[in-house]
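Quick notes on the structure that follows.
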There are 2 protein chains.
Amino acid sequence: MQFHLNGFRTGNPEIPEPAGSRAAAAPAGALPEGVDVLIVGCGPAGLTLAAQLAAFPDIRTRIVEQKSGPLSLGQADGVACRTVEMFEAFGFCERVLKEAYWVNETTFWKPDDQQRAHIARSGRIQDTEDALSEFPHVILNQARIHDFYLDVMRNAATRLEPDYSRRLQDLTISPASGEAGNGDSAYPVTVTLERLDPAHEGQIETVKARYVVGCDGARSVVRKSLGRLLSGDSANQAWGVMDVLAVTDFPDIRIKSAIQSAEEGSLLIIPREGGYLVRLYIELDKLNENERVTSLNITTDRLIAAAQRILHPYTLEVKEIAWWSVYEIGQRLCEKFDDTPDGAEDCLPRVFIAGDACHTHSPKAGQGMNVSMQDGFNLGWKLASVLRGQSSPRILRTYSDERQSIAEELIDFDRKFAKMFSAAPRDPAKADGKGIDPAEFQTYFVKQGRFTAGTETRYAPSIISDEPTYQHLAKGLTIGMRFHSAPVIRLADAKPVHLGHTVKADGRWRLFAFAATEDPAGASSRLRALCEFLARSPQSPIGQYTPKGADIDSVIDVRAIFQQAHRELAIEAMPSFLLPTKGRYGLRDYEKMFCPDLKSGRDIFDLRAIDRSRGCMVLVRPDQYVANVLPLDGYAELETFFGRFMLRS
Amino acid sequence: MQFHLNGFRTGNPEIPEPAGSRAAAAPAGALPEGVDVLIVGCGPAGLTLAAQLAAFPDIRTRIVEQKSGPLSLGQADGVACRTVEMFEAFGFCERVLKEAYWVNETTFWKPDDQQRAHIARSGRIQDTEDALSEFPHVILNQARIHDFYLDVMRNAATRLEPDYSRRLQDLTISPASGEAGNGDSAYPVTVTLERLDPAHEGQIETVKARYVVGCDGARSVVRKSLGRLLSGDSANQAWGVMDVLAVTDFPDIRIKSAIQSAEEGSLLIIPREGGYLVRLYIELDKLNENERVTSLNITTDRLIAAAQRILHPYTLEVKEIAWWSVYEIGQRLCEKFDDTPDGAEDCLPRVFIAGDACHTHSPKAGQGMNVSMQDGFNLGWKLASVLRGQSSPRILRTYSDERQSIAEELIDFDRKFAKMFSAAPRDPAKADGKGIDPAEFQTYFVKQGRFTAGTETRYAPSIISDEPTYQHLAKGLTIGMRFHSAPVIRLADAKPVHLGHTVKADGRWRLFAFAATEDPAGASSRLRALCEFLARSPQSPIGQYTPKGADIDSVIDVRAIFQQAHRELAIEAMPSFLLPTKGRYGLRDYEKMFCPDLKSGRDIFDLRAIDRSRGCMVLVRPDQYVANVLPLDGYAELETFFGRFMLRS
């Protein structure tokens, strides 16, 4: 954490001074007439986006929600490794890690071969493969994740709070939308909202927005107003889900367990935070064609009885039900996540949809909340960058391109996973070969571990994600994938840190310069030459895109990683570009240089397969995805890359 | 973290429901007429004590402070490893670790042998030896530590807030004080306080208390009212201290650095949190006999000029001074930390003093705040245990015994450390041998590392800390010293955790049963026999001291550590005593059993030198100090130990 740059201030450094900004222009309790971004819906996608935009006092953001206040009882609870990495960027991962259940292992149970009415443990695996992420896979009530985001928003300079009790009535997009200025044409989206709180019930508010993002769930009014559909089919399989406090002699009640009984269906046990609570996903009857799960009139008694039958011979005595629901499995997807028509390459999006509004699937793989939050993270920096005049609005088209493919992959995965889960286990005593081999299910589960951890996401080449021309210089940092962090030692103070944790959710690009073998301080070092180029060349993207008077790292934050041990290097001999002076006092920033953590034996150059003899530049987007890998002297490529979408300041 | 035991509750699990308790009996803004404990002073000692007592709704605690509100600018800033361990017990170590500066290394600078007017780096060492603690040595503004404690108090069931703007006028102890009942004799201490806030200025409040603790600093009125003195002498050496934002080319400005110049005195650099702020301790003139530092009329300009001269040839340009002060080194100590007369073995203390009220010393070793907080932690559980009827008030005598010796050691250390710091460095070109060899200073610093880390504290045998009869069974867990944590795997959910982090600041004793080599689930295992004894024998301290209806672990929390890998053991085969049913639903607590972390190669049995063939019991006090090591079948010794001071419920 860095603070006190512009003077010492007492109190919590995580709460900056409020900005006397456009953000605060509306009277309390009412929405302003015009906003830069209107977010509809306070779910995981909307809150991630709002938390990201709240960091910028020069952007007027509002988030509206139909409910009268924050969620207090969760629905989702799975938090993938990749999501915890993102929480680190938002500054609250330590709260999640402290409070959550950690999924360390997963067990598999199947019918006992000798006694098929009994279940028996058939496998036990590590949940997440080693070194996939520096963070674990955890489980935490969605409501708590919301709380953490709301704290980020509340503590941000904009002091952003949701406007509750607002139902979206209508959304229209003005056909001729201009880009610049503050006239009506700059606010092409008109939204009408109905207030639902008793004091203002029925009042209609009209808000004009530059951009609107519909994070309003599977029945999204924003999506419908775009004329888009969620298409897909239902598998006609009903499931129940319950969060319970229970007493059981099932030995793996504190371990994530997938249980397939011979005749009574399947059960998934997800232990929950706090040591006592547990979530049960319980397979119910197959639905008939066109039958809805609600028509089954399922009661909690029936759910409990089903769970008890599946767990036989173990007992389950439910003492309290914290939350429960029934649902049918279905995978549905929207063909595009914005308002631009197909094929219209020049058309720029003004309205987006994210989260359940554009993709729904079964909850058991614990993916929904995670993918929705990554939707928000993907879109947030792009909107901020465009609204702040740093990037061309063309980058906004990449949101639908990137996230729609990811949702498609998720839906494919989920269809297969859900089918496996609902299939009866094969009986070795029967020659019919029907049903699924429990071992096959386990193998599939292991194979998909990276996918469910969220670390397999890979964006295709685009204007913000380059072709892998120089990928061989950093084989372990794949272009299009998230920057896989590794431990390093900070040169100036010898602190062991994670390099990836320098990538905060602050809308900045990162340029990691991995130095070649030579002494980086040497007059002929390639790192010194790069610093010289970045600091002084008219072609430097730093010079071209950093606003006058702004800190040198405010748009592109350059950090160097050396191969030498930290005690072998003299900080005073390094290029001064790596000790930049910042803020109103011109204080030096000492946190730009890093060395491998040789003592722990985990050398980042080995871990991420960096070409030691040549070094390289690794460009990382504000959402932590690797945008490019270039040679240390790839000045022209660097200029070309940024030149495609960045705007001169 | 465990929660939801007595039913699911939404919201932050770190904030329990408020208790409708005696704690809330007073009208807002006024002190109640009678309290169990009155703490005078909101410094580190007082807040640690208050945070500890705030956990108990059945104890009426108040803390008063002369100032009108919380501290916003710090004085102390050093946080030793041992202190972070304690913060873990209070539940806020992750906030400290995130925000603080980490002292990873220390450098030493001395006059350059060739050019003595220049300083040159003479050494660089790791600040804390490996594996001394699982936590680092950190630096953080005292005000922020206060904030964290205030949050703990505010969030506790008692919702304890300090009563500000109260000046202690007078304290009297009634000579014939009874122990039991609620009559006047149960509240033998009478305190009068003057209100200082404009709305009540000059109003006098009288409070009767069972116990009073003076945490009211070096000029403690509580100490004076006991007729006790701080004795010792001043070294007549003036120092200045400044927190600054500065620009410098001194290369180690982000590393703790001890600098001895040839002619200009010494300087200690302590980098501070946030990446920019730095604290400078600057040696000033020797004082004449009876001269006070205030008489020198030292200005910040003079402090800066002195620092600049010492740093030569490096430059220092101070941009902002966040805080500064001048002080003279002096080591002073009170002979006893309570109100009992010397030699009166039967006399029970009613008034205590803690922190600067009973020991003062120089700040440069970063010890003051740490030792003061440990005073509060030492006293807190003892007061709670006595007030809740669990222990004999005789244990209160151990507070002064234990903490006075520690303060004495600190004063001895500080005297030597301060003297070395102020001595001129020896000039190798001069044959007079005068001054101190910088290498000797560095050697002393390294040798004292464990002391300054706070991990060397060792309490002498007493009724709550046994003789080391069976110490050989756990050589790495020394009786009288803090329980040195080690990594383990929790059996029920395979989570990697630190065993020591089960010792929270909740007033409970811990009994760690380290199993012998045999299968712990076996019918003849010594662990099973111990569980049988603890669960059922009339001699069991669990049975004797746990109140009826209370959870089985509410007074003594038993945890078992096995030698086998966690996948080799079947939780369902373990003694049911280790899966206790708790709370209103009788839910099972799955967090009582642990295995070595064999994958990481750090086996707790090796790390702490536990006798593998015999196993052992390790008893840990509520303040994390090892009270006893006993054989697994040391039932009689266990009963005898607790029988010395615990009261049957």
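Filtered by the rule that a residue be out of contact with any Asp or Glu (no Cβ under 9 Å at 6 or more places or on another chain) and not in a loop (DSSP other than H, G, I, E, B), the range B:123-132 gives a lone residue, B:G123. Tell me, yes or no, whether the range A:31-48 has at least one residue that is within 13 Å of chain B (Cβ to nearest Cβ) and assigned to a strand (DSSP E or B). So far as the range A:31-48 goes, no, none of its residues is within 13 Å of chain B (Cβ to nearest Cβ) and assigned to a strand (DSSP E or B). Restricting attention to the range B:364-405 and to residues that are modelled with pLDDT under 95 and in contact with a Leu (Cβ under 9 Å, 6 or more places away or on another chain), the residue that is nearest to B:E456 (Cα to Cα) turns out to be B:Q367.
Among the residues making up the range A:482-512, those that are more than 21 Å from A:D603 (Cα to Cα) and either within 14 Å of chain B (Cβ to nearest Cβ) or in a loop (DSSP other than H, G, I, E, B) (or both) are A:K504, A:A505, A:D506, A:G507, A:R508. Can you tell me which residue is most open to solvent (accessible area, probe 1.4 Å) among those in the range A:93-102 that are at the interface with chain B (Cβ under 10 Å from one of its Cβ atoms) and in contact with a Lys or Arg (Cβ under 9 Å, 6 or more places away or on another chain)? Taking the candidates together, the pick is A:R95. For the range B:598-608, a residue qualifies if it is open to solvent by 20 Å² or more (accessible area, probe 1.4 Å) and either touching a His at 6+ places or on another chain (Cβ under 8 Å) or not polar (S, T, N, Q) (or both), and the qualifying residues are B:L598, B:K599, B:G601, B:R602, B:D606, B:L607, B:R608. Listed by first and then second residue, the pairs linking a residue in the range A:392-408 that is over 22 Å from A:Q367 (Cβ atoms) to a residue that is part of a helix (DSSP H, G or I), with Cβ atoms under 6 Å apart and 6 or more places separating them unless they lie on different chains, are A:P393/A:V386; A:I395/A:K382; A:L396/A:K382. So if I check each of B:R536, B:R621, B:R614, B:R644, which one is away from every other protein chain (no Cβ under 14 Å), closer than 30 Å to B:E456 by Cβ, over 31 Å from the mean Cα position of the chain (by Cα) and not aliphatic (A, V, I, L, M)? Within the list B:R536, B:R621, B:R614, B:R644, the selection yields B:R614. Of a type in the set (A, V, I, L, M), surrounded by 19 or more Cβ atoms within 10 Å (Cβ to Cβ) and within 11 Å of chain A (Cβ to nearest Cβ): is that true of B:L587 in this structure? So B:L587 fits the description; yes. Figure legend. Inter-residue proximity from the range A:286-297: first residues at negative phi, second residues of a type in the set (V, I, T), beta-carbon distance below 8 Å, spacing 6+ or different chains. Indicated pairs: A:L287/A:V293; A:V293/A:V326; A:T294/A:V326; A:L296/A:V326. Quick check: is even one residue across the range A:69-79 away from chain B (no Cβ under 14 Å), of a type in the set (S, T, N, Q) and surrounded by fewer than 19 Cβ atoms within 10 Å (Cβ to Cβ)? No, there is no match, as no residue in the range A:69-79 is away from chain B (no Cβ under 14 Å), of a type in the set (S, T, N, Q) and surrounded by fewer than 19 Cβ atoms within 10 Å (Cβ to Cβ).
The set of residues in the range A:185-233 that are more than 19 Å from A:F352 (Cβ to Cβ), part of a helix (DSSP H, G or I) and of a type in the set (S, T, N, Q) contains only A:S185.
Across the range A:271-290, the number of residues qualifying as within 14 Å of chain B (Cβ to nearest Cβ) and open to solvent by 10 Å² or more (accessible area, probe 1.4 Å) comes to 1. Residues of the range B:103-112 include none that is within 14 Å of another protein chain (Cβ to nearest Cβ), aromatic (F, W, Y), within 23 Å of the chain's Cα centre (by Cα) and open to solvent by less than 40 Å² (accessible area, probe 1.4 Å).
What do you reckon, is A:K447 within 14 Å of chain B (Cβ to nearest Cβ) and either open to solvent by less than 40 Å² (accessible area, probe 1.4 Å) or more than 17 Å from A:R602 (Cα to Cα) (or both)? No. Every test in (1) in contact with a helix residue (DSSP H, G or I) (Cβ under 7 Å, 6 or more places away or on another chain); (2) of a type outside the set (K, R); (3) open to solvent by less than 20 Å² (accessible area, probe 1.4 Å) is passed by B:F417 save one, and that test is (1).
Among the residues of the range B:301-310, is any part of a strand (DSSP E or B), more than 12 Å from chain A (Cβ to nearest Cβ) and open to solvent by less than 10 Å² (accessible area, probe 1.4 Å)? Looking through the range B:301-310, none of the residues is part of a strand (DSSP E or B), more than 12 Å from chain A (Cβ to nearest Cβ) and open to solvent by less than 10 Å² (accessible area, probe 1.4 Å). Each residue in the range A:609-642 was checked for being surrounded by fewer than 21 Cβ atoms within 10 Å (Cβ to Cβ) and farther than 21 Å from A:F577 by Cβ, and 5 pass.
Of the numbered criteria (1) more than 22 Å from B:R415 (Cα to Cα); (2) open to solvent by 10 Å² or more (accessible area, probe 1.4 Å), the one B:E264 fails is (1). Only residues that are of a type in the set (S, T, Y) and either surrounded by 23 or more Cβ atoms within 10 Å (Cβ to Cβ) or outside any strand (DSSP E or B) (or both) were counted across the range B:317-359, and they come to 1.
Any residue at all in the range A:451-460 that's open to solvent by less than 60 Å² (accessible area, probe 1.4 Å), more than 14 Å from chain B (Cβ to nearest Cβ), in contact with a Phe, Trp or Tyr (Cβ under 9 Å, 6 or more places away or on another chain) and at pLDDT below 95? Checked the range A:451-460: at least one residue is open to solvent by less than 60 Å² (accessible area, probe 1.4 Å), more than 14 Å from chain B (Cβ to nearest Cβ), in contact with a Phe, Trp or Tyr (Cβ under 9 Å, 6 or more places away or on another chain) and at pLDDT below 95. Tally up the residues in the range B:133-159 that are part of a loop (DSSP other than H, G, I, E, B), at pLDDT below 95 and surrounded by fewer than 22 Cβ atoms within 10 Å (Cβ to Cβ), please. Residues that pass the stated criteria total 2.
Residues in the range A:534-558 that are of a type in the set (F, W, Y) and surrounded by fewer than 18 Cβ atoms within 10 Å (Cβ to Cβ): there are none.
What pairs come up if the first residue lies in the range B:253-268 and is within 11 Å of chain A (Cβ to nearest Cβ), the second is of a type in the set (G, A, S), and their beta carbons are under 7 Å apart, counting only those six or more places apart or on different chains? Note: pairs meeting the criteria are B:R254/A:A492; B:I255/A:A494. Restricting the range B:226-252 to residues that are open to solvent by 10 Å² or more (accessible area, probe 1.4 Å) and hydrophobic (A, V, I, L, M, F, W, C), the residue that is farthest from B:S362 (Cα to Cα) is B:V247. Exactly one residue out of B:I610, B:I561, B:I571 is within 26 Å of B:F8 (Cα to Cα) and in contact with a Phe, Trp or Tyr (Cβ under 8 Å, 6 or more places away or on another chain): that is B:I571.
Here's the yes/no breakdown for (1) among the aliphatic types (A, V, I, L, M); (2) under 30 Å from B:R121 (Cβ atoms); (3) more than 16 Å from the chain's Cα centre (by Cα):
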residue	(1), (2), (3)
B:E317	no, yes, yes
B:I353	yes, no, no
B:S362	no, yes, yes
B:M369	yes, yes, no
B:S372	no, no, no
B:V386	yes, no, yes
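The values are calculated or read from the model by the stated rules, or taken from the named source; none is laboratory data. On a predicted model such as this, the values are computed, not experimentally measured, just so you know. Cβ atoms come from the backbone with ideal geometry, glycine included; neighbour counts cover every protein chain shown. The accessibility values were calculated without ligands, DNA or RNA, using every heavy atom of the protein model including side chains. Shrake-Rupley method; radii C 1.70, N 1.55, O 1.52, S 1.80 Å.
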